[in-house]
Every structure is written in structure tokens, then in C-alpha cells.
Amino acid sequence: MFPLLSRSRKQPAKPPAPETRTLEVAGRLMPLTIRQHERATRITLRIEPGGRSLKMTIPRGLAAREVNAFLDRHQGWLLTKLAKFAADGGLRSGSEILLRGVRHRIEHTGTLRGLTEAITIEGMPVLRVSGLPEHAGRRIATFLKKEARADLEKLVAVHAKSIRATVTSIAMKDTRSRWGSCSSQGNLSFSWRIVMAPPLVIDYLAAHEVAHLKEMNHGPRFWALCRKLCPDMDEAKAWLKRHGSQLHAIDFD
């Protein structure tokens, strides 16, 4: 009797490493990552949160000329989509920034010391910023983080009490991939940029993460609880879908 020979299974070849390049769109240089996917049947092009980079997925083995032709055909689409993102962050004196959904005119006080504060001058919302103009972004970001924490701590406390949930900690972060998160230990984190959104959106985010304290998933029971905590959930989600990327686009550095 001859011994049976085992046949080695041929392992599928690993997809090529993503290609990175720079794409010029109406004079604006955009980082572009091109990734091949074996199950992709068509080309997809996506603008990353904040409008700072592009991601492209293509069928495996697609010729470079077809990729280039696709990019050429979609220059107009990219130009239209990227137009809503401010290239410089829009933090100059006289420009505007949102605070709880209300546009505030940025006003540099010209003094080196002083608090950043939101006030009303002759019926117009104003965000007064002291210090050197080149430090305005950092000062505004610090102010927004403080305001975001104040709002979210209050809202989380209300929602957590209503469902008898325990919150261990609350952290403010500047995440691009998600607006908030909840750990199984009861630690909540939020993107402080949410304070630029209208109050109903801030409330929805707080309710969303608090609901995860009871349902660590996105199943029907979770969404039912989330809607109970925030009846305006659908309106808030729609606002984030339309405007969320614009909040990420602001450069505070």
C-alpha cells in the first residue's frame, strides 16, 4: 500500500498594498489612497471625513488607465463636493463658526490675555478670542472642548438616570471615524466638535451612547431605547449626515 500524498491547498494571493498618490482638484492637492479588492465589481470613490483626503476602491487587477480615466471623469463631482469644505479652517477674524448650531462671528480682541467667550453684540452672536491671531485656532478649540463637556455631562446624567445606568467616566476626544463610543465598563467618549451642532444633535449623541450602556449593539432594542431617550433621533441623524463632515473639516491647529 502506498502512502497517501496530501495535497497542499494553494493560498489565495494577498491583494497588492494600497497605492497612495496626490490628486489635484482645481488647484487643491488631495491625498488619494487606491485599494484593490477582490470582490469589488466597480470603482468607488469616497471623500474621507473632513474633506482632507480621498479613498478609492477598485476591482483587483484593474488597469491604471481605467483608474485615471475614472478620476478625470469625476473631477467635476469632486469639485462640487469639496467646495463645501473650507481649505483654511475659516478661523480668521470676521469669519464665522458654529456654536450649538448658531453662527458666531469670530472677533479677535487684540489683547494677549483674556477668556474666549461667546457673547451677543447688537443682537449678533460673537465669539471673542484673545491672544495672537496665529493662536486663535487652539484657543477656540479649548473653548469648544469646555463647552462640549459641560453640555454632554449634563445630558448624559439626565439620560443615564432615566434608564438607571451607571456612567464610569466621560472623555472628550477629536475622533474622525465616529462621534462617540461606549465601553462595557461604562466609559463614554465624545467628539467635542459635536458642540458646533444644534442642541438636538448634541442630545441625540448623548442619548445614543447612554443607550449603549444597556444595549452594546445596534439592534432593534437599542434603536427603540435610543428613540425613547431622544424622540428627535431621526432629525438629528439626518443633520449629522448632511453637515457632520463640515465640522470635521475645520482645522484648529
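Things to note:
- Long-range neighbours under 6 Å by Cβ, at least six apart or interchain, first residue closer than 20 Å to residue 195 by Cβ and hydroxyl-bearing (Ser, Thr, Tyr) within the range 101-127, second surrounded by fewer than 10 Cβ atoms within 10 Å (Cβ to Cβ) and modelled with pLDDT of 95 or more: none
- Taking (1) exposed (fewer than 15 other Cβ atoms within 10 Å of the Cβ); (2) in contact (Cβ under 8 Å) with a residue 40 or more places away in the chain; (3) within 21 Å of residue 247 (Cβ to Cβ) in turn, residue 190 satisfies each apart from (1).
- Residue 140 meets each of the listed conditions (1) over 18 Å from residue 250 (Cα atoms); (2) touching a residue at least 24 places away in the same chain (Cβ under 8 Å); (3) surrounded by fewer than 22 Cβ atoms within 10 Å (Cβ to Cβ) apart from (1).
- Lone qualifier among 89, 51, 110 - being assigned to a loop (DSSP other than H, G, I, E, B), open to solvent by 60 Å² or more (accessible area, probe 1.4 Å) and either farther than 29 Å from residue 142 by Cα or at pLDDT below 90 (or both): 110
- Enumeration of residues in the range 161-187 that are under 16 Å from residue 150 (Cβ atoms) and in contact with a Gly (Cβ under 7 Å, 6 or more places away or on another chain): 167
- Among residues of the range 54-84, those that are in contact with a Gly (Cβ under 9 Å, 6 or more places away or on another chain) and open to solvent by less than 30 Å² (accessible area, probe 1.4 Å), counted: 1
- Top-ranked residue in the range 149-189 [being of a type in the set (Gly, Ala, Ser) and in a loop (DSSP other than H, G, I, E, B); ranked as farthest from residue 51 (Cα to Cα)]: 165
- The lone exception for residue 98 - which of (1) open to solvent by 80 Å² or more (accessible area, probe 1.4 Å); (2) at pLDDT 85 or above; (3) under 30 Å from residue 144 (Cβ atoms); (4) of a type outside the set (Lys, Arg) it fails: (1)
- For beta carbons closer than 6 Å, sequence separation of 6+ or different chains, a first residue in the range 167-180 that is at pLDDT below 95 and a second that is open to solvent by 40 Å² or more (accessible area, probe 1.4 Å) and assigned to a loop (DSSP other than H, G, I, E, B), the qualifying pairs are 176/49.
- Within the range 8-23, residues that are closer than 12 Å to residue 60 by Cα have Cβ atoms under 6 Å from residues that are open to solvent by less than 70 Å² (accessible area, probe 1.4 Å) and modelled with pLDDT of 60 or more in these pairs: 15/36; 16/36; 18/33, counting only partners at least 6 apart in sequence or on another chain.
- Cβ-Cβ contacts under 6 Å between residues 6 or more apart (or on different chains), taken from a first residue in the range 40-55 that is under 12 Å from residue 78 (Cβ atoms) to a second residue that is open to solvent by less than 30 Å² (accessible area, probe 1.4 Å) and assigned to a loop (DSSP other than H, G, I, E, B), are listed as 51/85.
- Being out of contact with any helix residue (DSSP H, G or I) (no Cβ under 6 Å at 6 or more places or on another chain) and more than 13 Å from residue 206 (Cα to Cα) holds for only one residue in 147, 153, 122, and it is 122.
- Residue check for residue 180: on the phi > 0 side of the Ramachandran plot and not charged (D, E, K, R): no
The values are calculated or read from the model by the stated rules, or taken from the named source; none is laboratory data. Because the structure is a prediction, the values reported are computed rather than measured. For neighbour counting, all protein chains shown are included, and Cβ atoms are generated from backbone atoms with ideal geometry for every residue, glycine included. Surface areas here come from the heavy atoms of the whole protein model, side chains and all, with no ligands, DNA or RNA. Shrake-Rupley method; radii C 1.70, N 1.55, O 1.52, S 1.80 Å.
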